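These notes concern the structure reproduced below.
The values are calculated or read from the model by the stated rules, or taken from the named source; none is laboratory data. The shown structure was predicted, so the numbers you read here are calculated from the model rather than taken from an experiment. Because the Cβ atoms are built from the backbone with ideal geometry, glycine has one as well, and the counts that use them run over all protein chains shown. Side chains are part of the model used for accessible areas, which takes the heavy atoms of the whole protein and leaves out ligands, DNA and RNA. Shrake-Rupley method; radii C 1.70, N 1.55, O 1.52, S 1.80 Å.
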Amino acid sequence: MKRYFVTLLLSLVSMFPSTGTFGQQRSFKVLAFYSTKVEPDHVLFAAGALKFFSDVSAKNNFTFDSTNNWDDMNDFTLGKYQVVVWLNDEPSKAEQRRAFQRYIENGGAWLGFHVAAYNDKDSNWPWFVDFLGGGVFHTNSWPPLPAELTVDDRSHPVTKHLPGSFRSPDNEWYIWRPSPRLNKGVRVLVTLDPSNYPIGFKDVLTSGDLPVVWTNTKYKMLYMNMGHGDKIFGSPTQNKLIEDATLWLGVISTQTEKPAATVLKSVLMQSW
């Protein structure tokens with residue numbers, strides 16, 4: 001009986017549609033996590049992001065869902081999606097973190113904004129530090145200010161539609177130590193131009209390498225420093241960057257076995 005049950009479930013996994021819902025086919029599925037009981041500027045960013053992603057998903061024919069319940073960070077829920085987005089927070093419970101790690105290591109993709117990557121000596125999540133490329137939060141500018149950004153690599157699908165540089169709207173800018181650029185597996189795509197220094201009034205950044213957008217090539221992931229306040233989506237150029245990042249992650253996440261199938265198979269075989 002047990003063998004029959006496992007066989008039945010595995011057959012059901014194989015029947016999961018690789019894309020889409022009933023009716024019009026969708027190319028991939030995105031799930032965004034956000035929190036409402038965090039810094040007000042981060043809540044404002046999440047509100048703008050939910051609208052932005054809803055519009056972009058309709059334009060590009062992918063499915064976009066969102067949740068503020070971080071307990072949805074589990075094998076069953078994550079397995080339905082090819083891309084997971086963290087807008088303004090990160091999982092705090094051990095079981096949520098383990099589920100996310102399994103999701104990533106089984107082919108899922110991640111897009112993180114601003115404080116979603118925050119980690120320090122008290123975070124106690126070494127896997128996530130490695131996932132980000134080895135950098136730990138060091139310091140930030142304050143208050144949020146616009147900045148000139150330099151596009152390091154215009155050959156990447158995420159940045160191919162960008163000019164060599166552009167003006168990014170008001171944001172709080174983070175410096176990481178060590179710089180992710182020092183990791184040979186990290187590909188930095190966009191950097192804060194040194195001409196911005198000094199930047200800030202209360203907390204002033206005077207120098208330093210400040211990657212803004214990068215991918216750790218060991219994983220299907222992309223991090224963006226932008227994400228503080230309600231001005232982030234005020235730049236068409238930056239909006240194109242975010243749109244192309246989402247589409248790129250959607251494409252590369254569908255080039256291998258679906259996370260849903262992989263995760264469920266893993267769970268079932270462990271139980272067997």
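Remarks
- Output for the range 24-43, where each listed residue is closer than 18 Å to E172 by Cα, out of contact with any Pro (no Cβ under 8 Å at 6 or more places or on another chain) and open to solvent by 30 Å² or more (accessible area, probe 1.4 Å): V38, E39, P40, V43
- Considering the conditions (1) in contact with a strand residue (DSSP E or B) (Cβ under 9 Å, 6 or more places away or on another chain); (2) surrounded by fewer than 20 Cβ atoms within 10 Å (Cβ to Cβ), Y174 is excluded by exactly one of them, (2).
- G107 being among the small types (G, A, S), buried (at least 22 other Cβ atoms within 10 Å of the Cβ), in contact (Cβ under 8 Å) with a residue 40 or more places away in the chain and over 27 Å from K231 (Cα atoms): no
- Among the residues examined, A99 does not qualify as more than 16 Å from the chain's Cα centre (by Cα), without any contact (Cβ under 8 Å) to a residue 40 or more places away in the chain and outside any strand (DSSP E or B).
- Filter result (modelled with pLDDT of 95 or more, part of a loop (DSSP other than H, G, I, E, B), surrounded by 13 or more Cβ atoms within 10 Å (Cβ to Cβ) and of a type outside the set (D, E)) within the range 184-217: G185, Y197, G200, L210, T217
- Close contacts from the range 183-209, counting a first residue that is closer than 21 Å to L145 by Cα and touching a residue at least 12 places away in the same chain (Cβ under 8 Å) and a second that is among the small types (G, A, S) and surrounded by fewer than 19 Cβ atoms within 10 Å (Cβ to Cβ), with Cβ to Cβ under 8 Å and a gap of 6+ residues or different chains, come to D193/S165; P194/S207.
- Residue in the range 218-227 that is over 19 Å from the mean Cα position of the chain (by Cα) and open to solvent by less than 40 Å² (accessible area, probe 1.4 Å) present: no
- Among the criteria (1) modelled with pLDDT of 95 or more; (2) touching a helix residue (DSSP H, G or I) at 6+ places or on another chain (Cβ under 9 Å), the one S27 does not fulfil is (1).
- When the range 44-98 is filtered for residues that are of a type in the set (K, R) and open to solvent by 50 Å² or more (accessible area, probe 1.4 Å), the ones remaining, listed by number, are K51, K59, K80, K93, R98.
- Scanning the range 154-171 for residues that are exposed (fewer than 15 other Cβ atoms within 10 Å of the Cβ) and either closer than 20 Å to A117 by Cα or touching a residue at least 12 places away in the same chain (Cβ under 8 Å) (or both) returns P157, K160, H161, P163, G164, R167.
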